[in-house]
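No lab work stands behind these numbers, since they all come straight from the coordinates. Small disclaimer: the values here were computed from a predicted structure and weren't measured. In this analysis, Cβ positions are derived from the backbone assuming ideal geometry, glycine residues included, and neighbour counts consider all displayed protein chains.
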Amino acid sequence: MRFITDLHIHSKFSRACSKNLTFSNLAAWARVKGIDILGTSDFTHPGWFAEIESRLEPAEPGLFRLKVEFAPEDGTGSYVQAPMVRAGRPIRFILTSELSCIYKKNGRTRRLHLLVCLPTLEAVRHFTAALAGRGCNLRADGRPILGLEGKEVLRLALEADPRALVIPAHTWTPWFSVFGSESGFDSLEECFEELTPYIHAIETGLSSDPPMNWRLTKLDSVMLVSNSDAHGLDNLGREANVFDLDEPSYDALADVLRHRDRKRFLNTIEFFPEEGKYHVDGHRACEFFCQPEETVRRGGLCPKCGKPLTRGVLGRVHALADRPAGHRPPGAVPFRSIVPLAEAVADALGKTKASKAVFSLYKALIEKVGPEFDVLLDAEISEVAAAAGERMAEAVRRVRAGRITALPGYDGVFGCVKILDDAAPNEPPKQKTLL
């Protein structure tokens, strides 16, 4: 059976995240998106762990479901009620949390984020107690900052439960990732040393996709996963993983990654990487970006202010790659690229994503066709046209074919994807100064 998973999200206890990230709302919007298994996020935070214990109950082994009494949504402020989903599916939660490690190694300050997955509440208690015992402040943030090496976090997770998964998060982003141009390493072995064999997967992040990672021979030995890193409900499922599991459980999912089972890992669902906020090199303060080749020509400096450009993911991949662009290793897990449905609707209507007209048409698609992933990936185009008109159907058709144009993201600025544009499909964006 097919299960769509999004393992890396955040809760209302994480900084710069929506206060509407509650379990009631997460379950409702995961159903809208078409996610089957959703990470709990933030299990190291005492307040959120208390809600995990009180609002969730055991389902299949290692998975949890929302208790019936907490099903009603509890959003506040500008919260919009989730649409009723045609053919909605049950939602399961899996225990996950992102951690921020900042430490010195080999003469450099390292900053990396790690996604930790654990199979039981007892394992979470053991793991968080070990972190607290090393002086880590777990109350300040749902994504706590730890002065521990990545290898030490991996070791503590495995001690909490040998079935633990530790996945380097958004692997290529410049500032906080294992391969980041500003604070990362040149290999997994440099970071995790003798424990590297316990790194079974890496998260490609919004600014890279599988073909970019396929350029590194040394990544053939790990699985490439994709997750949303959602800081708000609307971003759930902007990236995800699709597994073929006989029955849902923590071990069934984890075994796909541990055993590199490329038959049961059906595909990942990807952002177009140009839309990620660190895809190319640039300088946000000067609203300037350029391709990596141009960065080299300019000596790595911004032409407007003379300060160093932030090296993006595309350039960092190129720097570490030992294969040409376009190489596909044998047995590589397939992927499908999407533009989130609300963005596609906004493009079709020529309006902003926040407009009432966009939500009205989005709601109609969810109610008449099915969850967001069904609309974007699987539904008959005729169904989309019947629910939302021919222009929306053409937008979905073009997304499925990858016929989009993109202005790439850089230095923390998200890129912009156009679907129904007069520009030639897939024409590379020209270097320009954003105004």
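Spin-label pair residue 359-residue 120: with each label point 7 Å from Cα along the Cα-Cβ axis, the two points sit 4.4 nm from one another. Nearest 5 percent is fine: what portion of the DSSP beta bridges confined to the stretch 2-274 is antiparallel? Here the antiparallel bridges make up roughly 70 percent for the stretch 2-274.
With Cβ to Cβ distances under 9 Å as the rule, what net charge do the other residues near residue 14 carry (K, R +1; D, E -1)?
0
The phi torsions of the stretch 220-228, fed into the Karplus equation with coefficients 6.51, -1.76 and 1.60 and a -60° offset, translate into couplings of 5, 8, 10, 8, 9, 10, 9, 9, 7 Hz, rounded to whole numbers, with Gly and Pro shown as x.
Provide, as a two-decimal number, the C-alpha radius of gyration of the stretch 340-401 over 2.2 N^0.38 Å, N being how many residues it has.
Values: Rg = 10.0 Å, N = 62, 2.2 N^0.38 = 10.6 Å.
My calculation over the Cα atoms of the stretch 340-401 gives 0.95.
Comparing 366, 377, 345 along the charge dipole axis of the stretch 340-401, the residue lying farthest to the positive side is 345, per the Cβ-charge model.
How big is the dipole moment of the stretch 340-401 about its Cα centre under a simple scheme where the beta carbon of each Lys and Arg is +1, that of each Asp and Glu is -1, and everything else is neutral? Debye, nearest 20, please.
Details: 9 positive and 10 negative charges, 63 e Å.
The calculation lands at about 300 debye.
Going from the fewest other Cβ atoms within 10 Å to the most, the residues 189, 122 appear in the order 122, 189. Farthest towards the positive end of the charge dipole of the chain, among the residues 174, 128, 282, is the Cα of 282, using unit charges on the Cβ of Lys, Arg, Asp and Glu. Normalised by the number of residues in the stretch 2-274, the mean separation of alpha-carbon contacts (under 8 Å, six or more apart) gives a relative contact order of 22 percent.
Residues whose amide H comes within less than 5 Å of that of residue 272, counting only those at least five positions distant or on another chain, are 338 (H built at 1.01 Å from N in the peptide plane). With q set to 0.11, 0.13, 0.18 Å⁻¹, the log10 of I(q)/I(0) for the stretch 1-151, from the Debye formula over equal scatterers at the Cα positions, is -0.45, -0.61, -1.07. This ranking places 327, 259, 200, 10 by how few other beta-carbon atoms lie within 10 Å of each, fewest first, which gives 259, 327, 200, 10.
Using just its DSSP H runs of length 4 or more, each adding -39500 (n - 2.57), the chain gives a mean residue ellipticity at 222 nm of -8000 deg cm²/dmol after division by all residues. Annotation: the stretch 249-361 has a Kirkwood hydrodynamic radius of 17.8 angstrom, from the mean reciprocal C-alpha pair distance.
Computed over every Cα-Cα pair of the stretch 2-274 and binned at 10 Å starting from 0, the pair-distance distribution P(r) comes out as 7, 32, 39, 19, 3, 0 percent.
Any idea what the dipole of the stretch 2-274 comes to, in debye rounded to 20, about its Cα centre with Lys/Arg Cβ at +1 and Asp/Glu Cβ at -1? Working shown, then result.
Details: 32 positive and 37 negative charges, 67 e Å.
Charge dipole of the stretch 2-274: 320 debye, to the nearest 20.
The antiparallel fraction among DSSP beta bridges confined to the stretch 70-194 stands at about 90%. Counting charges near residue 194 (Lys, Arg +1; Asp, Glu -1) among other residues having Cβ under 14 Å from its Cβ returns a value of -3. Note on the chain: dipole from Cβ charges, positive end direction compared against 407, 326, 45; the farthest Cα belongs to 407. Listing 113, 318 from fewest to most neighbouring C-beta atoms within 10 Å gives 318, 113.
Using the Karplus relation 6.51 cos²θ - 1.76 cosθ + 1.60 with θ = phi - 60°, the per-residue 3J(HN,Hα) values for the stretch 63-78 come to 10, 9, 10, 6, 5, 4, 5, 9, 5, x, 5, 10, x, 10, x, 8 Hz, with x marking Gly and Pro.
Between amide H atoms placed 1.01 Å from N, distances below 5 Å from residue 287 occur with no residue 5 or more places distant or on a separate chain.
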